[in-house]
1. Can you tell me which of Arg31, Arg37, Arg81, Arg48 is touching a His at 6+ places or on another chain (Cβ under 9 Å) and over 17 Å from Pro9 (Cα atoms)?
2. Taking Pro65, is it of a type outside the set (A, V, I, L, M), in contact (Cβ under 8 Å) with a residue 60 or more places away in the chain and within 30 Å of Asp172 (Cβ to Cβ)?
3. Among Leu284, Leu322, which is touching a helix residue (DSSP H, G or I) at 6+ places or on another chain (Cβ under 8 Å) and modelled with pLDDT under 95?
4. If a residue must be in a loop (DSSP other than H, G, I, E, B) and among the hydroxyl-bearing types (Ser, Thr, Tyr), how many such residues does the stretch 90-133 contain?
5. Does any residue of the stretch 173-184 turn out to be more than 19 Å from the chain's Cα centre (by Cα), part of a loop (DSSP other than H, G, I, E, B) and surrounded by fewer than 16 Cβ atoms within 10 Å (Cβ to Cβ)?
6. If Gln106 passes every condition in (1) at pLDDT 95 or above; (2) among the polar types (S, T, N, Q); (3) surrounded by fewer than 18 Cβ atoms within 10 Å (Cβ to Cβ); (4) farther than 21 Å from Leu204 by Cβ but one, which one does it miss?
7. Does any residue in the stretch 1-21 that is under 15 Å from Ala53 (Cα atoms) come within less than 7 Å, Cβ to Cβ, of a residue that is of a type in the set (Phe, Trp, Tyr) and modelled with pLDDT of 95 or more six or more places away or on a different chain, and which pairs are these?
8. Taking interchain pairs and intrachain pairs at least six residues apart, which have beta carbon atoms under 8 angstrom, with the first residue in the stretch 335-355 and without any contact (Cβ under 8 Å) to a residue 60 or more places away in the chain and the second in a helix (DSSP H, G or I) and among the hydroxyl-bearing types (Ser, Thr, Tyr)?
Amino acid sequence: MTHFAVVAPALYSHFNTLMVLARELVTRGHRVTFIHRPDAAAYVKDARVGFHAIGAATHPAGSLPAMLARVANPGSPLGLRRVILDMAASTEMLCRELPAALKALQVDCVLADQMEAAGGMVAESIGMPFISIACALPVNREPGIPLPVMPFVYEDSERAFKIVEGSTRVYDWMMGPHHRAIAAQAQRLGLPPRSMLHECLSPLAQIAQIVPGFDFPRRELPAHFHHVGPLHAANVAPALSPQELAPFLPPASSKRPFIYASLGTLVSDRYSLFKRIAKACKQLDADLLIAHCGGLNDAQVRALEAIGSTRVHAYVPQLAVLARADAIVSHAGANTIMEAVAACTPILALPIAFDHPGGAARVEYSGVGLRASPRMSSVADLVRKLSRLLAEPDFAARMAPLSDAIRVAGGAPRAADIIETALHLPTAVASHG
C-alpha cells in the first residue's frame, strides 16, 4: 500500500475532481489523505479518504468563505490583488507546514495540483516523488500558446505570437506577489531558483483532464505528460432511475429544445446573467434547466422559474443531464467543458474568470461551440448564438471525434495506472488502461 497526499487549492471544484482519482487509488488498496487548511475538510465527503488540517494559525476555521467570496467577485484591481495575495499566503502556509505533516502521516508520494506550487516544491525538497495533476487547463508554457487565463484563439503567425508574448508579460507582472512567494519558498526549502507554477511540475508524470484535440497545437510537452480526459466518468451517465431524473428533465412529451445552464461552483451567484439566459430560452421556446450551486437565494430561484419553461436547482446530476441536453450554457470551466464534449452537447461559453477565457477560446478553436461575453451579451445575442448551436449540425459533428478520444483516454483509472507505473508500484487491481 502507498500513502498518497493530495495538495490542491482550497476550491471545491479541484477537491471534487481529485476525489475521483483518490477513490480510484483507494479501490486499488492505497491510502489517500488531502492536506490543507481546516475549512477544506468539508470538501472531503468520502470516509475512505482522509483529511489532515494544517495552517490553523494563519488560516483558521471559518476563514475560507471570505477568501472564496473575494475569488468569486474580486471587483476592482485592488480586489484582484487581494486574491493574488491570498494565493501567495496559501502557498507560503503550505510550504511552511507540509514537511512536518508529510513526515507525521508517513506519506510516500504527493499528488500535486498544478495550480498549487507548494505540493511539488515541498516534495522535491524532501526527496519525495510527486505527480502533477492539471484539474484546470494545463499551466505548461510554450511560445505562441496563450496562457489559460487569456481569451485568444491560437494563431500561427508572428503577430499572434507577439500578442501572446506581451500579454504573458502583463500577466506575470500582475502575479508578482505569488511569484515572489514561490521564489522565497523555493529558496527557503533549498531548491533551485523558480518563481512560476510551470516551473514546479513533476519530472515523473504530469496528468491532464483534456484530450489533445481540444487543446491548442502543442509541440513541447514532456514525454511524461499524459492526456487522460476528464477524471469524472464523463463517457457514462450515472444509472439514475426515471423517477430520480424527473425533477431535472423536461416531460417526455415536450418537443422543445432542452438547454442546460451552469456557471460552476464558484461564480454561480450571477442572477442577472441567469435571467438573460432564461429570457433567451423563453424566446427560443426551449426548456431550460439551471444549476446554481447555491449561488442564488429563494426569491431569485422563484423569479427565474417564472420565466418561460425554466427549472432551477442548486445541484443536478450533470452527466445525466448533459446526456439529454441539446446545448449547454457554461462558464467554460474545464470540468464542465470536457463533460459536455464527452456527451456531444454543443457549448455556449460565457467565460467569467480564472481559466474560463482560455477554455472558451478552445471551445471556439475546436469548433464545438460558440462564446459570448457574460457581461455585454444581450438577450438577443444569446438567442442568436443558441439558435446556431441548436440548428447547425456541424457543432455536434466536430464533437464526435473528441468524444471518442475521451472515451478511450482512460480518465481516473488510466491516471491511476500512470501513477503506479511512474512509481514502479505493483498494480493493486487489473489495469484499466
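The values are calculated or read from the model by the stated rules, or taken from the named source; none is laboratory data. Everything numeric here is computed off the predicted structure, so don't read it as measured data. Note: ideal-geometry Cβ built from the backbone for every residue, glycine included; neighbour counts use all protein chains shown.
1. The unique qualifying residue is Arg31.
2. No, not satisfied.
3. Numbers: Leu284 fails: modelled with pLDDT under 95.
Only one candidate passes the filter, namely Leu322.
4. Counting residues in the stretch 90-133 that are in a loop (DSSP other than H, G, I, E, B) and among the hydroxyl-bearing types (Ser, Thr, Tyr) gives 0.
5. Scanning the stretch 173-184 turns up no residue that is more than 19 Å from the chain's Cα centre (by Cα), part of a loop (DSSP other than H, G, I, E, B) and surrounded by fewer than 16 Cβ atoms within 10 Å (Cβ to Cβ).
6. (4)
7. Here the result reads Val6/Phe34; Ala8/Phe15; Phe15/Phe34; Phe15/Tyr43, each pair linking the stretch 1-21 to a residue that is of a type in the set (Phe, Trp, Tyr) and modelled with pLDDT of 95 or more.
8. Cys344/Ser403
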